[in-house]
Amino acid sequence: VDKAAEKLPIEITEDEIARRRDMRNVPTFTIDPADAKDFDDALSLQKLENGNWEVGVHIADVTHYVQPNTLIDAEAYERGTSVYLVDRVVPMLPEMLSNGVCSLRPHEDKLCFSAIFEMNDNARVSKEWFGRTVIHSDRRFSYEEAQEVLETGKGDMNDILLRMNDMAKKLRDERFSKGAISFERVEVKFNLDENGKPLGVFFKESKDSNHLIEEFMLLANRKVAQFVGKPANGKPKPFVYRIHDRPDPDKLESFNSFIHKFGYGLELQTPSTISRSMNLLLNNVKGRSEENVIETLAIRAMAKAVYSSRNIGHYGLSFEYYSHFTSPIRRYPDMMVHRLLDKYLEGGRAVNADQLEEKCKHTSNMEQRSAQAERASIKYKQVEFMQDKVGQVFEGVISGVTDFGIFVEITENKCEGMVSTKDMTDDFYFFDEKNYCITGMHSKRTYQLGAP
């Protein structure tokens, strides 16, 4: 596969540029993690003569280089996704493409598939355009660098970043007013030495620079899905949607009865009261000892988001139409979306919906496997980190309860361990599944999920 990638023609010819919308003179930037090597997406902004703004969401044009029915495409489909482990990335595409040719590196001309929006100061979209472009990124920001510009108002491209941040906040407010749910999990990260040994644990939280990128990616994903799924004329053609079903009522009921013990509650009458009260709950538990447990159980009560050719909307984001268009370097469904969008923009015929659904199922499964591998990789590094701390005492929260014992998560580094009921010799403990706790038969001592 690597050999096939090396044979690809990578020069951007004048003919190719002539076929595209040339955006190289528009101020353009990327914001990514400091250690990222593959830059999928860039943003651009310019003021129009009518006082509105032209916002460009530029996505690496992977499908220009990776053609269907080739060795590289078959391997990418098989993998379905890149896998981000703690100490390495297992890429979906050969590194020459993911970190080189396709990556939107600064000060280089790059081919993109773009979603361009005309927006006013209130972030309302009045016009949209989708198609192939050529761009030139002026600046690569890390999230930390962009955050500093947003907080101080000083630095490279400060006027552009501040303007786009203002628009992103308006998009975000509108999303939540329509019932989107705010799941913001704290990410566990590690400081590793050159051999991959964890030296320390830290937590990554989303700030304005993350939200800025997120909101414009959500906008592009939503508008692309809407363009195909709700066409101005004719009926919708088969497409790849990112769907998220409503929560399971039984799971919600048992979750609600559990949080009552902490003095919280959900309103389960309608989908909109559920999402509104869920947001209130997630806001109220912030910084409290039970935060992590309640967030984890809330996520478990939700359905899982998957890829499908049959659109039912995205409950968690509160979007009627939603797709994945913005990460084709690391997700195969985004490559499928690019190909379908290109075909339909050219007036092409509808594809076979059953075959498309098969591909959606496969990529959903690969995504699940990747998420499990990423979680296992974090657990592995946590165990490695704790190896030399045997005998030390830490504060923790009960993060899981089963019939064979309790899981305890250490507060300061989120490492989790198991205390077996076999080792709890002071009493015989029985498991109360409904109330997420174990109780001593004689002492009536209770170990409850979420308790310190």
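The values are calculated or read from the model by the stated rules, or taken from the named source; none is laboratory data. Since this is a predicted model, take the numbers as computed values, not measurements. Cβ: placed from backbone, ideal geometry, glycine included. Neighbour counts: every protein chain shown. Accessible surface is based on the protein model in full, side chains and every heavy atom, while ligands, DNA and RNA are left aside. Shrake-Rupley method; radii C 1.70, N 1.55, O 1.52, S 1.80 Å.
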Checklist line | Solvent exposure of segment 301-428 as accessible area per residue, Å², 1.4 Å probe | finding: 53
Check: Which sequence of Glu320, Glu187 reflects their accessible areas, 1.4 Å probe, from the largest down?
Finding: Glu320, Glu187
Next item on the list: Please give every one of the aspartates and glutamates within straight-line cross-link reach of Lys127, meaning a C-alpha to C-alpha distance under 13 Å, and leave out same-chain neighbours fewer than 8 residues apart.
Entry: Glu54, Glu118
Next item on the list: Return the FRET efficiency for the residue pair Arg163, Asp248: r is the Cβ-Cβ distance, R0 is 45 Å, and the value is rounded to the nearest 0.05.
Entry: 0.60
Margin query: Ignoring everything except DSSP H segments at least 4 long, calculate the 222 nm mean residue ellipticity for the chain; use -39,500 (n - 2.57) per segment, divide by total residues, nearest 500.
Written below: -11500 deg cm²/dmol
Check: Rg(Cα) of segment 192-235 divided by 2.2 N^0.38 Å?
Finding: 2.13
Notebook entry, point to check: Counting alpha carbon pairs within less than 8 Å and at least 6 residues apart, what relative contact order, in whole percent, applies to the chain?
Noted result: 16
Note to self: Tell me the per residue accessible area of segment 101-210 using a 1.4 Å probe; a whole number in Å² is fine.
What the structure shows: 50
Checklist line | log₁₀ of I(q)/I(0) at q = 0.15, 0.19 Å⁻¹ - segment 192-351, Debye sum with one point per alpha carbon | finding: -0.96, -1.18
Next item on the list: Give me Rg over Rh for segment 26-75, both radii from the alpha carbons and Rh done the Kirkwood way, two decimal places.
Entry: 1.16
Item checked: Paired Rg and Dmax values of the chain, which use every Cα atom, in angstrom -> 24.0, 82
Next item on the list: Report Rg(Cα)/(2.2 N^0.38 Å) for segment 388-452, keeping two decimals.
Entry: 1.12
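Hey, what does the equivalent ellipsoid look like for segment 290-407, semi-axes from the Cα gyration tensor as sqrt of 5 times each eigenvalue, largest first, whole Å?
On the way: eigenvalues 327, 60, 31 Å².
Working through the eigenvalues yields semi-axes of 40, 17, 12 Å.
Can you give the percent of C-alpha pairs in segment 4-148 whose distance is more than 25 Å? Mind showing how you got there, number by number?
Details: 3601 of 10440 pairs.
So the pairs more than 25 Å apart make up 34 percent of the total in segment 4-148.
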Next item on the list: Could you please tell me the mean projected area of the C-alpha convex hull for segment 310-350, averaged over all directions and given in square nanometres to one decimal?
Entry: 3.6
Notebook entry, point to check: Along each of its three principal axes, how wide is the spread of alpha-carbon positions in segment 340-436, in whole angstrom units, largest first?
Noted result: 72, 34, 17
Next item on the list: Any chance you could look up the accessible area of Phe262 with a 1.4 Å probe, heavy atoms only, rounded to 10 Å²?
Entry: 60
Margin query: Let me test this: with uniform point scatterers at the alpha carbons of segment 223-299, what is the Debye-based log₁₀ I(q)/I(0) at q = 0.17, 0.20, 0.24 1/Å?
Written below: -0.71, -0.84, -1.07
Item checked: Translational D in µm²/s for segment 91-172 (Stokes-Einstein at 37 °C, 0.692 mPa s, Kirkwood Rh from C-alpha pairs) -> 219
Margin query: Under 8 Å for C-alpha pairs, at least 6 residues apart: give me the relative contact order for segment 263-341, rounded to a whole percent.
Written below: 13
Notebook entry, point to check: Taking all protein chains as present, what is the carbon and sulfur share of the accessible area of the chain, in % to the nearest whole number, probe 1.4 Å?
Noted result: 49
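Can you list which of the DSSP-assigned H helices in the chain have a Cα extent of 18 Å or more along the long axis and an average Kyte-Doolittle score of at least 0.0?
Qualifying helices, which must be both long enough and hydrophobic enough, are 208-229.
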